[in-house]
Amino acid sequence: MTKPLPFIDLEAQQRKIQDRITENVRRVLAHGQYILGPEVAELEKRLAACVGVRHAVTCSSGTDALLMILMAKGVGPGDAIFTTPFTFIATAEVVRLLGATPVFVDIDPATYNVDPEALQEALVNFAGHARTAGLTPRGVIAVDLFGQPADYDRISALARDHGLFVLEDAAQSFGATYHGRQAGALAEAAATSFFPAKPLGGYGDGGAVLTDDHDLAAILMSIRNHGQGADRYDHVRLGINGRLDTLQAAILLAKLDIFDEEVAARQEIARRYHQGLKEVVAVPEVAPGCTSVWAQYSVESEARDLIRVKLQQAGVPTAVYYPKPLHLQEVFRDLGYGPGDFPVSEAAAARIFSLPMHPYLTTNDQERLIEVIRQAAAGFISAPSASLR
């Protein structure tokens, strides 16, 4: 390839909607309501309608969305929250910021999401494990990794049996579906992210909480604005400065206009990847009854390093999500985990890498990068049967 490919092509997207973005931003500059302007309320209404929930509460990032939900739930010291070690740090970081303890659960090797059987085992063994002594189990944060929803029917049933709440970390899955329901509507509350690289991304940080719970939504609106009560100088709870900028809302409104079209394009690109690569690397699987929005297209190979070098030489960027599971991160050393505790997560981290994925990846460019992978893997293949799956 003579011209390097972008990993995510925001420039191509911007060219397509430049007029809409310019007009939306012009309106914000004209009215000057840069904090909680009318575009924020309009965006919240449209997000809720897209997902099929009663409320969307926007905020300053996907991380703050998770944090706000846990704050609203009163999570704090002595509480245990079950989640995956194979995700971005924000999922467990917010638990620790509130003084609570993340309890990690291994993943399903096919979907990379929390394995319900591993969750059941962790719940059954919770009381008798020295690592969790003195803690009270409070909830589960299930992560919809790479754009595919977790198995919420099984996870929610386990949570109900043990008196736990379930939160959906939908930072990567806005636009995906689970048995006819939209991601973001699969738990009591869901957090999503508008980081620029996400399927629906702004031009800066942003996020939202999605919920059907009217009382929870009211608390979240207070928390995102310094715990505000009746007015800006009345504070009824501890909160954060977590508001979404009006300019970001204006940009996201323009992007929502073409979102369904972009999701369809992602599905076609994922199909071409699958067809071209299934014989040389382990391609991602989508669970029956689900669709993925393909926030990332991630594959596994024992020849990962060689393939990435060959792709780099051909002008094709790649990324590794995630090279070190959370239970092996220095920041969580005191939790007492070590190598071998979550073998599926650790094996995935050693083999996984992600390819360019965005709605503007051309068929020609995609076919050429597929050919680079096929050639690089040709002498290294032990066949996809060597995968964990």
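None of the figures in this text is laboratory data; all of them are computed from the coordinates on show. As the structure is a prediction and not an experimental result, all values here were calculated from the model. Reconstructed Cβ throughout: ideal geometry from the backbone, glycine too, with neighbour counts over all protein chains shown.
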For the stretch 259-386, with +1 on Lys and Arg beta carbons and -1 on Asp and Glu, the positive-most of Gln275, Cys290, Leu311 along the dipole: Leu311
Could you tell me which of Val344, Gly37, Ala90 has its Cα farthest along the dipole of the chain towards the positive end, charges placed at Cβ (Lys, Arg +1; Asp, Glu -1), taken about the Cα centre? Gly37
A 31 angstrom limit on the alpha carbon distance is what I want to check against. Which of Lys73/Lys324; Lys198/Lys310; Lys45/Lys278 exceed it? Lys45/Lys278
Can you list the aspartates and glutamates whose alpha carbon sits under 13 Å from that of Lys3, skipping same-chain ones fewer than 8 residues off? Asp365
If I build a Gaussian network model for the chain, linking alpha-carbon pairs within less than 10 angstrom, which residue out of Leu66, Leu326, Leu216 has the largest mean-square fluctuation? Leu216
Give, in nm to one decimal, the length gained when the segment between Asn125 and Glu367 is fully stretched (0.36 nm per residue of separation minus the Cα-Cα distance). 82.3 nm
For a footprinting-style exposure proxy, rank Met71, Met221 by other Cβ within 10 Å, fewest first. Met221, Met71
Just to be sure I understand: with springs between alpha-carbon atoms less than 10 Å apart, which residue in Asp108, Asp341, Asp169 has the highest mean-square fluctuation in the Gaussian network model of the chain? Asp341
Taking Rg and Dmax of the Cα atoms in Å as the quantity of interest, determine which of (1) 20.0, 61; (2) 23.4, 78; (3) 21.2, 68 was computed from the displayed structure. (3)
Scoring only Lys, Arg, Asp and Glu (+1, +1, -1, -1) among other residues with Cβ under 15 Å from the Cβ of Ala72 yields -3
